[in-house]
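Below: the structure, in structure tokens.
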Amino acid sequence: MRNFIDFRPILFRSLKNYNRERFLGDLMSGVIVGIVALPLAIAFGIASGVSPEKGLITAIIGGFIVSFLGGSTVQIGGPTGAFIVIVYGIIQNFGVEGLVIATLLAGILLVIMGIMKLGTVIKFIPYPIVVGFTSGIALTIFTTQMKDLFGLSIEKVPGDFVSKWVVYVQNAGSVSWWSLAIGIASILIIIYTPRISKKIPGSLVAIIVMTVIAYLLRNYLDISHIETIGDRFEINASLPQPETLSINMSNINLLLPSAFTIAMLGAIESLLSATVADGITGDKHNSNTELIAQGAANIIVPIFGGIPVTGAIARTMTNINNGGRTPVAGLIHALTLLLILLFLGPLTKHIPMACLAGVLIIVSYNMSEWRTFRSLMKNPKSDVLVLLTTFLLTVIFDLTIAIEIGLLLAMLLFMRRITETTKVSVTTDKIDLSTESEVLFEKEELSVPRGVEVYEIDGPFFFGIANKFDECMKGLGKRPKVRIIRMRKVPFMDSTGLHNLESLCRLSAKENIQVILSGVNEKVHGVLMKSNMDAKIGAENICSNIHEALGRASEFLSKSSLKQ
């Protein structure tokens, strides 16, 4: 079973060498991430069309399960902005019960993906896409914090990037200088705290200091322009109760497409978040275990009224930047939110929104990877195109479109590169074998008999190369008696390449031209046998090397001359 299912929660491995120092780091980080996650969870819940506590329930239960069962040391799970449009649309079309069923089905799909070991698909996502995605999210987070940082009097902030900045500029006259001062002071505290003590996270210091200052200013100096969590949110401090689900085949058929969308987006976002985290911590996550954990979270959370759960890049980065290094930090983050929900609501309502904005601005700066972004701009134009496309689509539209188009663009560019690097050459005179062996004992040349053309394909023989092969043959304008196709450097052949080869053999037979294959490897040979190529050109015309192929060509020429 262990070999069949790749499920190894990293929490248990992390606890083997656990010590007091690591616990203190995880404790500090978990508490800070919990506090930072509070307004985010509430905001994502409201924006998705559910009540504020539903976002908190998602962060508490989902975050705990992802950290307990997950395959990443630092991944923080919970609701994210990527799901807002999807969740809102499902609620509008199918109601809250439809969202619950779709989320549960998505969880089942994620577990199946993990069991089938599809998590390794993340390895095929090019690095420019990851950087473009991460930098785009960083800029998006930075943009969303402008209202709170400047204390702008905006009733409703638009959803898209450009409209946000238009509204910010239009409302520039409503800046709250007290909020801005608290936000800037929070940023400075976070930046300079490590110079005094690296053990105490600057984010925690900023939250404590700025909360005290804001409380004094509001209550003793009558400065009411400083907005706090309590001014914006009301939390129903009670434990969630499981809900009764009405699931039948009719609901499943109706909601399966939505569930598939949630599952795919959750898988991509979670694994990208884990991959980005690996690049910073130097660790390596287990993608299949992570998918199973994400699936388990999305199966359990909707039963308690929550919304979809996925790996949250912003909170994961906050966790890393504040010293979290094991899943214990994620568990503490969930417990912190639970305690806040149950007991500490009256205290947390005094935290200034501008202070939290300052914390998230530092997070966005740290995850922006602007130095890496700048260095990638010096890479080949194709990489730059993928990078900028993913970045701009993430910022202007959303990460779903960015990932889809970025991957499609990367695949097209990859195929173009393969086509450009795969060469098709033709020889009608001599073949120099001196460069075809790593250890050379003597120079060897093989003479190509008159009436024989030797084609060599250097690279995979797929649909992009098939056309190039046709063009190479047509460009010669001659009709030989034998065509030898050297395939020693062909690692694989797709259906288009096979069809191209079959067409060549068929047309050559009509023109009384013999086709001989040389140096076919075992994998390609298996493909040829399945298509009955040995029956079409003769098993004796599929040769293991060029010596044998030229010998076979000479035999054919001799028989042809005798017939004449």
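The values are calculated or read from the model by the stated rules, or taken from the named source; none is laboratory data. The structure displayed is predicted, hence computed values, not measured ones. A quick note on method: Cβ atoms are made from the backbone with ideal geometry, for glycine too, and the neighbour counts reach across all protein chains shown. Side chains are part of the model used for accessible areas, which takes the heavy atoms of the whole protein and leaves out ligands, DNA and RNA. Shrake-Rupley method; radii C 1.70, N 1.55, O 1.52, S 1.80 Å.
Numbers below:
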| read-out | value |
| --- | --- |
| Estimated D of the range 301-366 in µm² per second, where Rh is the Kirkwood radius over Cα pairs and Stokes-Einstein applies at 10 °C, 1.306 mPa s | 116 µm²/s |
| Listed residue (Ser558, Ile300, Leu360) projecting farthest to the positive dipole end of the chain, Cβ model | Ser558 |
| Of Lys423/Lys523; Lys147/Lys378; Lys423/Lys481; Lys489/Lys536; Lys489/Lys530; Lys117/Lys378, pairs whose Cα-Cα distance is over 27 Å | Lys147/Lys378; Lys117/Lys378 |
| Accessible area (Å², per residue) of the chain, counting only protein heavy atoms and a probe of 1.4 Å | 48 Å² |
| Global geometry of the range 237-354, whether rounded, prolate or oblate, following the gyration tensor of its Cα atoms and the 1.5 cut on a/c | oblate |
| Whole-percent pair-distance distribution, where bins are 5 Å wide, for the alpha carbons of the range 111-182 | 3, 14, 17, 14, 11, 10, 8, 8, 7, 5, 2, 0 |
| Span per principal axis, largest first, for the Cα atoms of the range 171-226 (Å) | 37, 27, 11 |
| Sites Thr281 and Val426 - FRET efficiency at Förster radius 51 Å, r taken between beta-carbons, to 0.05 | 0.45 |
| DSSP bridge pairs, the chain: antiparallel proportion in percent, nearest 5 | 45 percent |
| Three-way shape label, the range 273-319, alpha-carbon gyration tensor, a/c 1.5 | oblate |
| Quarter of Cα convex hull surface for the range 50-97, i.e. mean projection, nm² | 3.9 nm² |
| Largest to smallest principal axis extent of the C-alpha atoms in the range 210-268, angstrom | 62, 30, 16 |
| Sites Ser163 and Lys530 - FRET efficiency at Förster radius 45 Å, r taken between beta-carbons, to 0.05 | 0.20 |
| Share of carbon and sulfur in the accessible heavy-atom surface of the chain [1.4 Å probe, %] | 61 percent |
| Computed [θ] at 222 nm, helices only, for the chain once each DSSP H run of length n ≥ 4 contributes -39500 (n - 2.57) | -20000 deg cm²/dmol |
| The range 264-280 - phi-based ³J(HN,Hα) in whole Hz, Karplus 6.51/-1.76/1.60, Gly and Pro as x | 5, 5, x, 5, 4, 5, 5, 6, 5, 4, 5, 5, 4, 5, 4, x, 8 |
| Whole-Å distance, taken between Cα centres, linking the range 127-196 and the range 518-563 | 68 Å |
| Surface/4 of the Cα convex hull for the range 487-531, nm² | 3.1 nm² |
| Convex hull volume per residue in cubic angstrom - Cα atoms of the range 32-174 | 146 Å³ |
| Translational D in µm²/s for the chain (Stokes-Einstein at 37 °C, 0.692 mPa s, Kirkwood Rh from C-alpha pairs) | 120 µm²/s |
| Ordering of 219-230, 109-120 by packing [mean C-beta count within 10 Å, highest first] | 109-120, 219-230 |
| Protection proxy ranking, peptides 52-59, 183-190, 376-383, average beta carbon neighbours within 10 Å, highest first | 52-59, 183-190, 376-383 |
| Listed residues Leu501, Gly526, Pro480: farthest to the positive end of the dipole of the range 477-530 (Cβ charges) | Pro480 |
| Separation in nanometres of the label points that stand 7 Å from Cα toward Cβ, at Tyr18 and Glu155 | 5.0 nm |
| Assigned charges on the beta-carbon of Lys, Arg, Asp, Glu; the chain dipole about Cα centre (debye) | 800 debye |
